[in-house]
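One structure is given below, encoded as structure tokens.
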Amino acid sequence: CAVHRPAEKYFRSIMNAALLVLFAVLSGHALATKQRSVPYVDVSAYLGRWFQMYDDPTAVFEIGAACVTADYSLQSSNLSTSRS
């Protein structure tokens with residue numbers, strides 16, 4: 001176990017507080033920025049089988065998931081998804 005000197009603890013506390021403030025400012029800016037949708041999406045470019053590259057440990061529905069794929073297809077002009 002490493003022993004931290006008081007100045008080192010103080011510096012870490014200041015850095016953590018600064019990072020927290022920076023994160024809050026950047027998050028507020030992102031929320032304040034008006035988002036616009038694109039006028040056109042080429043849905044056919046997304047059709048087919050997609051493989052999950054990573055999992056989100058906070059997503060309850062993904063617990064125990066392995067080798068996850070999603071198949072996207074067009075059915076009656078609607079995008080259809082099946083997951084396995």
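What to note about this one:
- Filter result (open to solvent by 100 Å² or more (accessible area, probe 1.4 Å) and either at pLDDT 85 or above or of a type in the set (Lys, Arg) (or both)) within region 38-58: Pro39, Tyr40, Tyr46, Arg49, Trp50, Phe51
- Reported count of residues in region 60-80, each being loosely packed, with under 10 Cβ neighbours inside 10 Å, at pLDDT below 80 and assigned to a strand (DSSP E or B), is 1.
The values are calculated or read from the model by the stated rules, or taken from the named source; none is laboratory data. No experiment lies behind these values; they were computed from the predicted model shown. Virtual Cβ from ideal backbone geometry, glycine too; neighbours counted across all protein chains shown. For accessibility, only protein heavy atoms count, side chains too; no ligands or nucleic acids. Shrake-Rupley method; radii C 1.70, N 1.55, O 1.52, S 1.80 Å.
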